[in-house]
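Only one structure is covered here, and it is reproduced in the block below.
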Amino acid sequence: MTVKISHSPEIQKFFKEASGFNNDEGSRRMKTVVNRILIDTAKIIEDLEITQDEFWKAVDYLNRLGGRHEAGLLVAGLGLEHFLDLLEDAKDEQYGLTGGTPRTIEGPLYVAGAPIAQGVTRMDDGSEDDVATTMFLQGRVTGPDGKPLAGAVVDLWHANTKGNYSYFDNSQSDYNLRRRIVTDENGCYRARSIVPSGYGCSPDGPTQEVLDTLGRHGQRPAHIHFFISAPGHRHLTTQINLAGDKYLWDDFAYATRDGLVGDIRFIDDAEAARSRGVQGRFAEVDFDFQLQKAPAPKAEQRSSRPRALQEA
C-alpha cells in the first residue's frame, strides 16, 4: 500500500520552516524556490516509491557529480539547457521578437578573457601542426536590416583534434583555440585555426553513468561556440555544428538546430594552399550571423552564469 503524507498540513508546515519562512532573514526568492524543490522532491519520492537505498544513492551521485565538476555537462545531456533555449524562443514568439541567427546552448567550457584582435586572428598555438587540418573561418555580422555591424565582438572557442578544450586540458597553452575578434568596417571576422574534433563524456564520469542507465551515448559532433555582441543589439549565444559529422543530428547535448549547421569545405589544391600560407590539405568554413535589436539594454549582455577565468 502506498503511503502519501507530503500534502498534509503538518508536512507543508514543516517544509515551510525548513525553507526559512519562519524568519525574516535571507532571500524571499530563495525560500520560495527551496520550498518548491522540497515539496516536489517529496512528491517524487511518494509517487515513484523511491526506496531509502535509491535516495541515498542519488545523494552520493550528487556528491560525485560535483567532485568531477560535471553538473554543467549533465544539464546539457539531459536537455535542460536546450529547454532553456526553447523557453526563450517561446517568449520571443509571444513578444513578436523574430529573426536573426538562432540561439543554442553555451555549454560548460567557456573561459572569459580570451585575447582580442581586430578583424582577423590566429586561434591555435601550432602545437598540433603535424596532426591537425588548418581551418580558415570567416563570416559577417549584420543587424536585422542586413547591414554590416562594424565593431561587433565575435567571442569564439572550440576543441582541439582530441576533443579537448584549453584551460580544462592542462596540456594546452593558455587560451589555445579561444579568441575575441572585433569585426572590421564591413562587419567581417576572420580566423585561422584547426578543424576541431567532437568529444564524448568521460566514460568513467557521472554524466556518462546516467546516460548509460538511459541507454544513451554521450557524444558531440565537431562544433564551434560563439558569443556575438554589438551595441544596441541582443547578445547571441550560439554554436555551429560542422556538416558531415556522424553525430550532427544525434548530439547528446541537443545543440544542433536548423540554421546552425556550418558547411566545411576541404581543399586539396597545392596552389590554393600556398596562397593561404599553408601546406597540404586545408578547410574553409563561412558563417554569417544576424543579430536582433535589443528590446532593452539588459538584452545586450550575456547571462551572469558563473564562468571560468584564466588566471594571469
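The values are calculated or read from the model by the stated rules, or taken from the named source; none is laboratory data. Quick caveat, the model's predicted, so the values are computed rather than measured. Ideal geometry is used to build each Cβ from the backbone, glycine not excepted, and the neighbour counts take in all protein chains shown.
Would you mind stating whether Arg64 is without any contact (Cβ under 8 Å) to a residue 40 or more places away in the chain, closer than 25 Å to Ile105 by Cβ and among the charged types (D, E, K, R)? Against the criterion (without any contact (Cβ under 8 Å) to a residue 40 or more places away in the chain, closer than 25 Å to Ile105 by Cβ and among the charged types (D, E, K, R)), Arg64 does not qualify.
Being outside the structural domain of Gln292 (by TED's automatic domain parsing) and small (Gly, Ala, Ser) is true of Gly66. All of (1) within 20 Å of the chain's Cα centre (by Cα); (2) surrounded by 12 or more Cβ atoms within 10 Å (Cβ to Cβ); (3) under 20 Å from Asp92 (Cα atoms) hold for Ala294 with one exception: (1). The residues listed here are Ser202, Ser166; of these, the one that is among the hydroxyl-bearing types (Ser, Thr, Tyr), under 16 Å from the mean Cα position of the chain (by Cα) and under 16 Å from Gly107 (Cα atoms) is Ser166. Counting only strands (runs of 3 or more DSSP E) wholly contained in segment 100-150, the ones carrying 1 or more residues that are buried (at least 19 other Cβ atoms within 10 Å of the Cβ) occupy 120-122, 134-142.
If the condition is being of a type outside the set (S, T, N, Q) and crowded, with 21+ Cβ neighbours inside 10 Å, then segment 224-243 contributes Ile224, His225, Phe226, Ile228, Ala230, His233, Arg234, Leu236, Ile240, Leu242. If we scan segment 244-256, do we find a residue that is polar (S, T, N, Q) and surrounded by fewer than 19 Cβ atoms within 10 Å (Cβ to Cβ)? No: segment 244-256 contains no residue that is polar (S, T, N, Q) and surrounded by fewer than 19 Cβ atoms within 10 Å (Cβ to Cβ). Of all residues in segment 244-268, those that are more than 16 Å from the chain's Cα centre (by Cα) and either part of a strand (DSSP E or B) or at pLDDT below 95 (or both) total 5.
Considering Ile240, Ile228, which residue is within 19 Å of Ile194 (Cβ to Cβ) and assigned by TED's automatic domain parsing to the domain that holds Thr104? Spell out how you get there, then give the answer.
Details: Ile228 fails: within 19 Å of Ile194 (Cβ to Cβ).
Just a single option satisfies the conditions, and that option is Ile240.
Checking each residue in segment 156-194 for being under 14 Å from Ile116 (Cα atoms) and crowded, with 21+ Cβ neighbours inside 10 Å picks out Leu156, Trp157, Asn176, Leu177, Arg178, Arg179, Ile181, Thr183, Tyr189, Ala191. When Asn176 is tested against (1) within 24 Å of Asp288 (Cβ to Cβ); (2) of a type outside the set (Ser, Thr, Tyr); (3) in contact with a strand residue (DSSP E or B) (Cβ under 6 Å, 6 or more places away or on another chain), exactly one condition is not met: (1).
Conditions (1) outside the structural domain of Asp288 (by TED's automatic domain parsing); (2) modelled with pLDDT of 95 or more; (3) of a type in the set (Phe, Trp, Tyr); (4) not in a loop (DSSP other than H, G, I, E, B), marked per residue:
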residue: Ile181; (1), (2), (3), (4): no, yes, no, yes
residue: Glu185; (1), (2), (3), (4): no, yes, no, no
residue: Tyr189; (1), (2), (3), (4): no, yes, yes, yes
residue: Thr207; (1), (2), (3), (4): no, yes, no, yes
residue: Asp212; (1), (2), (3), (4): no, yes, no, yes
residue: Ile224; (1), (2), (3), (4): no, yes, no, yes
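In segment 30-43, how many residues are hydrophobic (A, V, I, L, M, F, W, C) and either surrounded by 13 or more Cβ atoms within 10 Å (Cβ to Cβ) or not in a helix (DSSP H, G or I) (or both)?
Initially, segment 30-43 is screened for residues hydrophobic (A, V, I, L, M, F, W, C), giving 30, 33-34, 37-39, 42.
Applying the additional criterion that residues be either surrounded by 13 or more Cβ atoms within 10 Å (Cβ to Cβ) or not in a helix (DSSP H, G or I) (or both) yields 34, 38-39, 42.
Of the residues in segment 30-43, 4 are hydrophobic (A, V, I, L, M, F, W, C) and either surrounded by 13 or more Cβ atoms within 10 Å (Cβ to Cβ) or not in a helix (DSSP H, G or I) (or both).
Taken over segment 1-30, the residue count meeting the criterion of being aromatic (Phe, Trp, Tyr) and at pLDDT below 95 is 0.
Does Ser275 qualify as being among the hydroxyl-bearing types (Ser, Thr, Tyr), crowded, with 19+ Cβ neighbours inside 10 Å and under 19 Å from Thr121 (Cα atoms)? Let's see the steps before the verdict.
Numbers: among the hydroxyl-bearing types (Ser, Thr, Tyr): yes; crowded, with 19+ Cβ neighbours inside 10 Å: no; under 19 Å from Thr121 (Cα atoms): yes.
No: the conditions fail for Ser275.
None of Lys16, Lys43 is more than 30 Å from Cys201 (Cα to Cα), of a type in the set (D, E, K, R) and in contact with a helix residue (DSSP H, G or I) (Cβ under 7 Å, 6 or more places away or on another chain) except Lys16. Checked against (1) closer than 20 Å to Gly262 by Cβ; (2) not in a strand (DSSP E or B), Asn241 passes all but condition (2).
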